[in-house]
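Working notes for the structure below.
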Amino acid sequence: MKRVRIEYDGAYYHVSQRGNNHESIFLGDEEKNYYLKLLMKYKKQYSFKLLGYVLMDNHYHLLIQTGVEPLNKIMHRINSLYSRYYNKKNNRSGHVFSDRYAAGLIQDEHYLFSVLRYIHWNPVRAGLSLTAEDYKWSSDHVYRNNDDTLVDINFVLNIFSLNNTFSHETYRQMMKTASDDEESYEEMHLIGDESFRTSKKEDCNPIKELKDPLIGRKSLGNILSETGASADDIDLIKGGSRQRHLKLYKLSYVHAAVTEGYTFKETGRFIGISDTAVNKLISI
């Protein structure tokens with residue numbers, strides 16, 4: 001029986017997928033570029049954050065924070081479209097990917113950084129490059145070049161510091177070496193400390209599927225939409241914009257989310273602010 005995944009707004013996931021029978025899923029740069037274009041398109045459509053990636057010849061790794069749309073909908077759409085493209089381009093039929101993608105729910109920012117480093121060092125462990133920055137098809141180079149076109153690098157960098165110079169230097173230091181005690185995250189369903197893994201095991205029981213930690217409450221995406229903010233303003237809010245006219249929407253969102261039972265951390269993470277910032281807003 002397949003393990004049930006825990007899915008809720010704002011969750012971090014390490015996603016990986018291998019080719020069927022360990023065969024290649026990317027035969028060249030054109031196919032890798034096409035997959036990145038799919039990520040770009042559906043990242044906008046499904047409002048998820050892409051925090052990191054690496055494309056290898058026979059598998060890929062993604063680091064994703066979901067929004068309103070569940071992970072399974074995101075991955076089904078992207079993988080099915082890519083499979084159709086790959087088969088047509090290479091005049092073949094049948095499965096491109098092996099069975100089901102692997103997805104590990106990540107506990108918090110500490111493990112988020114560890115998984116990001118794991119992803120970026122994947123080509124080094126495979127013997128394809130000497131350092132993480134030498135490999136072309138990973139998001140390491142976009143962090144180093146401050147390119148937020150596809151990857152939401154500022155979400156990660158701002159956790160380090162709001163000082164751009166300091167946050168980039170912290171990132172580079174973090175990526176210099178792979179941690180000796182870093183685990184292989186590819187097959188881990190729960191990525192966190194022992195307490196986190198123990199507390200979430202019951203939620204993975206195949207008898208029930210947990211769509212939200214508190215059944216019946218509104219999603220954070222719906223709460224934000226109900227503030228009356230336009231689609232453009234919602235994008236600005238979720239992108240961490242500090243424009244003055246957004247403050248009333250943020251206030252309304254924060255009060256409603258906390259009333260609905262979300263923690264300060266969950267509430268803030270969905271719109272890219274800290275739990276401390278949420279605490280300040282809730283007191284206004």
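Every number in this text was worked out from the coordinates using simple rules, so none of it is lab data. Keep in mind it's a predicted model, so treat the numbers as computed, not measured. We place every Cβ from the backbone using ideal geometry, glycine too, and count neighbours over all the protein chains shown.
The table that follows gives values for the structure above.
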{"item": "Rounded tilt (10° steps) of 164-174 against the dominant C-alpha axis of the chain", "result": "40 degrees"}
{"item": "Phi-based couplings in Hz for the range 243-251 (Karplus 6.51, -1.76, 1.60; Gly and Pro marked x)", "result": "4, 4, 5, 7, 4, 5, 5, 5, 4"}
{"item": "Between 0 and 90°, nearest 10: helix 71-89 axis offset from the chain longest Cα axis", "result": "30 degrees"}
{"item": "Charge sum, other residues only, whose C-beta stays under 15 Å from Val96's C-beta, Lys/Arg counted +1 and Asp/Glu -1", "result": "+4"}
{"item": "Likely footprinting exposure, Lys37, Lys44, fewest C-beta neighbours within 10 Å first", "result": "Lys44, Lys37"}
{"item": "DSSP bridge orientation in the chain - percent antiparallel, rounded to nearest 5", "result": "90 percent"}
{"item": "Per-selection metrics, the range 220-282 (Cα): Rg and Dmax in Å", "result": "10.1, 27"}
{"item": "Sorted by Cβ density within 10 Å, fewest first, the residues Thr267, Thr177, Thr66, Thr149", "result": "Thr149, Thr177, Thr66, Thr267"}
{"item": "Neighbour-count ranking [beta-carbon atoms within 10 angstrom, fewest first] of Ile237, Ile159", "result": "Ile159, Ile237"}
{"item": "Using alpha-carbon coordinates, inclination of helix 29-46 to the longest axis of the chain, degrees", "result": "20 degrees"}
{"item": "Highest-MSF residue in the chain out of Ala231, Ala178, Ala103 [GNM, Cα springs under 10 Å]", "result": "Ala231"}
{"item": "Translational diffusion of the range 71-165, µm² s⁻¹ [Kirkwood Rh, Cα pairs; Stokes-Einstein; 37 °C; 0.692 mPa s]", "result": "205 µm²/s"}
{"item": "Surrounding net charge for Leu281, when Lys and Arg each add one and Asp and Glu each subtract one, Cβ distance under 13 Å", "result": "+3"}
{"item": "Residue-count net charge about Ser241 - beta-carbon cut-off 9 Å; Lys, Arg +1, Asp, Glu -1", "result": "0"}
